[in-house]
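A.B. asks: Before we start, here is the structure in question, set down as structure tokens.
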């Protein structure tokens, strides 16, 4: 009887789809990072063409991993409301480019790093922090991913490296720029940075 | 090469940290951060979440422009938006970055440019040449050696912060790595016994006592610091055995070598920070403050 019961549960588990259930946040982040590591260690991608293939793959993973909209809103903070709809959209797009250039592309230079997933801490009802450590020959670097749940999915909205929050770091920069410049002025600076001016 | 000033200010710093400072930018993400932290945090964004709550602008006049201006006809819409924003902001309230006063902006920015050039024109080429000659494993050994020799700084500061377990770990690490680790070249304590490194310095001790940064200060060659951390640096200098080597020239030369060795292991870190930043000066300042806060909190 007991056996049958478990059998039934097993069958139910197998056939009932859980599309809305994103899984614990740690598993989600872990999944993305493992995918990135797989791409990085993919020995079939070599040379210059392999490099750009890797970049493209990492970018498509980051697309699913990050909530760029949330990232942008949090980075601008109060200033978000000074941007009109179009400016907000453009900002999000440009900011995404900057982050990808800065971090996604940098990743492909890593080869022998190991990532430890330490624990997850609840920050609020919808947000939590996944603590990881990158082990390199030279140092252990603590990297924390802050994730938010939206429509059943957990997505990263901030990365904290050695205590330095990406969102806070850019927020301070943008705030200083916006103290003397208009939203368009800031967008102009970002366009130049991304090479679209 | 490091110059007299470097010697003076580098006196008490823990080596690893010093190097990091030395290599100025090298810092950032994994490095620079050894320092910064601010206790005088000005929670700017979260200070004006509600329309009626005028930003308390005691220390941020310039920021007061951020308080939303409400036009009667759009008031409702704005209120809704603000409500959303408020939610966001309370949510991340505790992660709001600390800020630091920067009254000596001109001085700081001047040395920031100097340090940038110093890194790209002198420190980086020298370190690159050095790393070309010596394999990484040897350079990591040297770096471990310098870390080991500055144990007094971490030991004393752990005690000053009543972190007896950390102090004990420092002693253990010193004994183990000086013997089994062959004079500190290997980090046996960490590799085999999992006794982790933990940086402590006088600036952090002050921070743990509740002393704020005061203000941001950039020093030539040493890089980002603050009033509090500068005082700490000088104090720590007395605990750094290298500073007791005579003649003074030898002491300076060793410190310079330490810096080059450290930089050789971290080429690219500073470049990454600069490239990722929209305003590198502010990015580094903010990173310094955030990182120091983390160090003090730990």
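Any read-out appearing in this document is the output of simple, stated calculations on the displayed coordinates, not a laboratory observation. Remember, predicted model here, so these are calculated numbers, not experimental data. Every residue, glycine among them, receives a Cβ derived from its backbone with ideal geometry; neighbour counts consider all protein chains shown.
A.B. asks: Restricting to Cα atoms and excluding each atom paired with itself, what does the Kirkwood estimate give for region B:161-231 in Å?
C.D. replies: Computed over region B:161-231, the radius equals 14.1 Å.
A.B. asks: How big is the convex hull of the Cα atoms of region A:71-197, per residue, in Å³?
C.D. replies: It is 135 Å³ per residue.
A.B. asks: Report the rotationally averaged projected area of region A:24-106 based on its alpha-carbon convex hull, in square nanometres.
C.D. replies: Reported value for the Cα convex hull: 6.5 nm².
A.B. asks: Continuing with this model, one more query. At 0.36 nm per residue, minus the direct Cα-Cα distance, what do residue B:106 and residue B:134 gain on full extension? Give it in nm, one decimal, please.
C.D. replies: Details: separation 28, 0.36 × 28 = 10.08 nm, distance 3.93 nm.
Between residue B:106 and residue B:134, full extension yields 6.2 nm more.
A.B. asks: Along each of its three principal axes, how wide is the spread of alpha-carbon positions in region B:176-298, in whole angstrom units, largest first?
C.D. replies: 45, 32, 30
A.B. asks: Taking only Cα atoms, what is the 0 to 90° angle, nearest 10, from helix A:85-99's long axis to the longest principal axis of chain A?
C.D. replies: Tilt of helix A:85-99: around 70 degrees.
A.B. asks: What order, most packed first, do the peptides A:78-86, A:138-146 have when packing is the mean number of other Cβ atoms within 10 Å of each residue? Each step should come with its number before you reach the end.
C.D. replies: Values: A:78-86: 16.2, A:138-146: 18.7.
The densest-packed peptide leads the list: A:138-146, A:78-86.
A.B. asks: Per residue of A:134-145, how many C-beta atoms from partner chains lie within 10 Å of its own C-beta, taken as a mean?
C.D. replies: 3
A.B. asks: Another question, then. Relative to the longest principal axis of chain A, what angle (0 to 90°, nearest 10) does the C-alpha long axis of helix A:183-194 take?
C.D. replies: 70 degrees
A.B. asks: Using only C-alpha atoms and all pairs of different ones, pull out the Kirkwood radius for region B:122-200 in Å with one decimal.
C.D. replies: Result for region B:122-200, one decimal place: 13.4 Å.
A.B. asks: Let me ask something additional. Sorted from fewest to most neighbouring beta carbons within 10 Å, what does the list A:97, A:128 look like?
C.D. replies: Least to most surrounded, the residues fall as A:97, A:128.
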